[in-house]
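J.: Structure provided below as structure tokens; questions to follow.
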Amino acid sequence: MINMPNVLNQVTLPDSTERILDTESRISLAKILMLRRALIAEQMRVVEVEKLTDNDVRAVEEIVNTLQLDYTNLMEEELEAPEYLSVRDVSKLTGLVPQVVRRHCASGTYKSHQVAGENSSWRIESDQFKTFPNWKKFVQEREEEFGSSQRVAKLALKLWSDKGPIEETTE
């Protein structure tokens, strides 16, 4: 079975193109279109090199079409759910204010624990929220935010390495 998220991770776009596309969905679509173009070119090369007849090509296509591919599983694999959520994450997911989420954690309503003892942040197990109707959207938005943060960090490192530190002037 083809693991599409891994395949897409192997495709690279120029940084300038990624900045223009600016969302994970647009970047993924651009990678898919590039893969499609490369696959068509490779298909034409194989057919030419192997001198496959039209009947050979049709026979292979028929065999591949009989495979039962479950694309929904591929899409679900792409969403990498976090093991734990923060109070802010659960607040966003449930619509509850952070104080109520903390109260639920303290009372045992949510499976959670405090990281460094009393008065520290909560780690809330994500499994209990996977049945929420907006779970997939939440995970997608979280991944897009992470991707944006990664792009900003890469850009900052590139700017830093190209020009050195930028000193503030007090004029």
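The values are calculated or read from the model by the stated rules, or taken from the named source; none is laboratory data. For clarity, every value in this text was computed on a predicted model and none was experimentally measured. Note that each Cβ is placed from the backbone with ideal geometry, even for glycine, and that neighbours are counted across all protein chains shown. Protein only, heavy atoms only, side chains kept; ligands, DNA and RNA dropped before computing areas. Shrake-Rupley method; radii C 1.70, N 1.55, O 1.52, S 1.80 Å.
J.: Can you name the residue in the stretch 130-144 that is of a type in the set (A, V, I, L, M, F, W, C) and farther than 18 Å from Val100 by Cβ and is also least open to solvent (accessible area, probe 1.4 Å) among such residues?
T.: The qualifying residue least open to solvent (accessible area, probe 1.4 Å) is Val139.
J.: Output the residues belonging to the stretch 104-129 that are surrounded by 14 or more Cβ atoms within 10 Å (Cβ to Cβ), part of a helix (DSSP H, G or I) and of a type in the set (A, V, I, L, M, F, W, C).
T.: Hits for the stretch 104-129 are Cys105, Phe129.
J.: What's the total number of residues in the stretch 97-122 that are out of contact with any helix residue (DSSP H, G or I) (no Cβ under 9 Å at 6 or more places or on another chain) and among the charged types (D, E, K, R)?
T.: Going through the stretch 97-122 one residue at a time, the tally reaches 2.
J.: Then there's this: Checking Val7 against (1) at pLDDT 80 or above; (2) aliphatic (A, V, I, L, M); (3) open to solvent by less than 80 Å² (accessible area, probe 1.4 Å), which test does it fail?
T.: (1)
J.: Determine whether the stretch 88-96 contains at least one residue that is among the small types (Gly, Ala, Ser) and either modelled with pLDDT of 90 or more or open to solvent by 90 Å² or more (accessible area, probe 1.4 Å) (or both).
T.: yes
J.: Still on this structure, I have one more. Ser28 - would you say it is surrounded by 12 or more Cβ atoms within 10 Å (Cβ to Cβ), at pLDDT below 85 and among the polar types (S, T, N, Q)? Talk me through it step by step, then tell me what you get.
T.: Numbers: surrounded by 12 or more Cβ atoms within 10 Å (Cβ to Cβ): yes; at pLDDT below 85: yes; among the polar types (S, T, N, Q): yes.
Spelling it out, Ser28 is indeed surrounded by 12 or more Cβ atoms within 10 Å (Cβ to Cβ), at pLDDT below 85 and among the polar types (S, T, N, Q).
J.: In addition: Assess whether Val101 counts as being farther than 25 Å from Leu8 by Cα, open to solvent by less than 100 Å² (accessible area, probe 1.4 Å), assigned to a helix (DSSP H, G or I) and at pLDDT below 85.
T.: no
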